[in-house]
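Student: First the structure, which I've put down as structure tokens, then a few questions once you've had a look.
The values are calculated or read from the model by the stated rules, or taken from the named source; none is laboratory data. The structure displayed is predicted, hence computed values, not measured ones. Here the Cβ positions follow ideal geometry from the backbone for every residue, glycine too, while neighbour counts run over all protein chains shown. Ligands, DNA and RNA are excluded from the accessible area calculation, which covers all protein heavy atoms including side chains. Shrake-Rupley method; radii C 1.70, N 1.55, O 1.52, S 1.80 Å.
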Amino acid sequence: EKYDYRMLTRALRSLYHRDQLLNGIPPSTFNIPSVDETKARIWIKLEWEALRKAITSEGEERQLAIRDALIFRGSIRETYPKESDFLNRFETYEGLATFTYMKLTSGSREEYLEALFNNLDNITGYQSYARSYGFVHGALYATLLDDMGYDFSTIKSDTVDLGLLVKDLYSIELPTVCRDVAGSLAFNYDIDRIREDEDHRAADIKDRLNKQVSIYTEKPVVFF
């Protein structure tokens, strides 16, 4: 059953990419190293926490969580302005495909959300987001768009900003400079745990690097 599901979802993903191609969105692969910098990963994780809250809440609570997510989103784009187009393309190309195959293989909203958040939890634990973050990031925003009945067939370009679509659809107002307020909002989304996780990641990377280097600089080496 696990393999049947895997084959089905990959087939649906490929079919969606084919549909994108027919609508002027060419095949793409992504590798965005900047999202692996600690400050970028922190903004992304905060955005994910706010999006999870937005998707699972209603009314004013949902509006506030969407606003917070968009402020964290704005913060990373203010920090890495040259990367914004690549981030948008990654989220649109792979994120919408992820949303589509999970939506079509789920029998209920509960089943869909379980698949979505399992995907999110899996990617959150990755050592690198450079090639992976957009798959779930775009799906999270697509979920909010879908809840408002958004017509995804109107998307004819991979330069679309899904966050901007959500902002307009939910009538969210944002500060002129998102980073001015993002720091204070972070305390509502377990920022201490996120920083601790990133410290552990940095330590793990350093440890693995030291082990690799020590093979050639400290341990016995045989030359042929």
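Student: Cα axis of helix 133-147 to longest principal axis of the chain: angle in degrees, 0 to 90, nearest 10?
Tutor: So the inclination is approximately 20 degrees.
Student: Right, here's the next one. Provide the gained length on full extension for the span residue 121 to residue 153, in nm with one decimal, where the gain is 0.36 nm per separating residue minus the Cα-Cα distance.
Tutor: 8.7 nm
Student: Roughly how many Å² is the accessible area per residue of the range 1-102, as a whole number, for a 1.4 Å probe?
Tutor: Averaged over the residues of the range 1-102, the accessible area is 48 Å².
Student: For the range 185-190, take each phi angle, set θ = phi - 60°, evaluate the Karplus expression 6.51 cos²θ - 1.76 cosθ + 1.60, and give the result in whole Hz per residue in order, putting x for glycine and proline.
Tutor: For the range 185-190, the Karplus-derived couplings read 5, 4, 5, 7, 10, 6 Hz, x marking Gly and Pro.
Student: So what are the radius of gyration and Dmax for the Cα set of the range 95-206, in Å?
Tutor: Taking only Cα atoms of the range 95-206, I get Rg and Dmax of 16.3, 46 Å.
Student: So what does log10 I(q)/I(0) come out to for the range 12-82 at q = 0.14, 0.22, 0.29 Å⁻¹, using the Debye formula with one equal point on every Cα and no solvent?
Tutor: -0.65, -0.89, -1.06
Student: On to the next question. What is the sum of charges around residue 172, taking Lys and Arg as +1, Asp and Glu as -1, for the other residues whose C-beta is under 15 Å from the C-beta of residue 172?
Tutor: With Lys, Arg at +1 and Asp, Glu at -1, the neighbours total -3.
Student: Determine the principal axes of the Cα atoms in the chain, then give the extent along each, sorted from largest to smallest and rounded to whole angstroms.
Tutor: Projected onto the principal axes, the Cα atoms of the chain cover 65, 45, 33 Å.
Student: What FRET efficiency would be calculated for the residue pair residue 29, residue 7, taking the C-beta separation as r and a Förster radius of 25 Å, to the nearest 0.05?
Tutor: After rounding to 0.05, the efficiency reads 0.70.
Student: For the range 140-224, go through all pairs of different Cα atoms, get the mean of 1/r, take its inverse, and jot down that Kirkwood value in Å.
Tutor: Every distinct Cα pair counted, the radius reaches 17.9 Å.
Student: Where does helix 59-79 land angle-wise versus the long Cα axis of the chain, in degrees 0 to 90, nearest 10?
Tutor: 50 degrees
Student: For the range 63-102 and the range 168-218, what is the separation of their Cα centres, given in Å?
Tutor: If we compute the Cα centre of each part, the gap is 16 Å.
Student: Next question. If one takes the longest principal axis of the Cα atoms in the chain, at what angle in degrees, from 0 to 90 and to the nearest 10, does the Cα axis of helix 109-124 lie?
Tutor: 30 degrees
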